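Since the structure comes first, as structure tokens, the remarks are kept for the end.
The values are calculated or read from the model by the stated rules, or taken from the named source; none is laboratory data. Here the structure is a predicted model, which means the values were calculated and not measured. No Cβ is skipped: glycine too gets one built from the backbone with ideal geometry, and neighbour counts run over all protein chains shown. Keep in mind that these areas ignore ligands, DNA and RNA; they rest on the heavy atoms of the full protein, side chains included. Shrake-Rupley method; radii C 1.70, N 1.55, O 1.52, S 1.80 Å.
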Amino acid sequence: MKKIKLQIDKFLVKLLAGLVFGIGCIVLSVGIASTSELPSTPSPLIASPRINLTSKQQLAKDVLKALGIAQKYDLYFDHGIGLIITTDNSKFINWLKEMLPREAGWRHVEEAYIMKLATDFSEEELQELLTLSERSTIKKLLQSETQAYLETSPTRYRLLNDVWNNYNEGRLNPPPDIFP
């Protein structure tokens, strides 16, 4: 019983770490995409109650949709699963892939993303992004990048599992000053 509890505890720690990493990657990618200066007051990254969107916010929502950010956000859960799962149980993995987006997916953070873009970009810049996202070359690039992400998933799972195992087995050690 203790071994099962310990494995569940390890699973939960890995799940949390994977989700934090995945969400961090998403936030970083949105930040890198921003070419304007950040506002002096940070916008919240926590979902708020549904609000009526202004035209600028609607434009930001259209940009996010056109760029496929919602799908990419939910795809990053796949990365989190790759960080935490060391099983070949496909039923369990498939359940996680369905459950995580539903329980912690895009719909929970969409408004924060909309507000971030509406704050960081002018209406003209948002229109330019929307126009760019509609170009066939950009669409092809985004589709290709998403497909490459999906196709490298098994390799990513294996590599991340190897790193985790190497860390647990003492072959990868953090610098001594990290844990005083």
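Numbers at a glance
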quantity: Criterion: without any contact (Cβ under 8 Å) to a residue 12 or more places away in the chain and within 22 Å of residue 94 (Cα to Cα) - qualifying residue of 141, 159; calculated: 159
quantity: Looking only at segment 69-112, and only at residues there that are open to solvent by 30 Å² or more (accessible area, probe 1.4 Å) and not in a helix (DSSP H, G or I), the one that is modelled with the lowest pLDDT; calculated: 86
quantity: Residues within segment 123-172 that are open to solvent by less than 50 Å² (accessible area, probe 1.4 Å) and part of a loop (DSSP other than H, G, I, E, B), tallied; calculated: 1
quantity: Residue among 120, 78, 88 that is closer than 30 Å to residue 168 by Cα, in contact (Cβ under 8 Å) with a residue 60 or more places away in the chain and of a type in the set (Asp, Glu); calculated: 78
quantity: Residue in segment 173-180 that is assigned to a helix (DSSP H, G or I), farther than 16 Å from residue 77 by Cα and open to solvent by less than 100 Å² (accessible area, probe 1.4 Å) present; calculated: yes
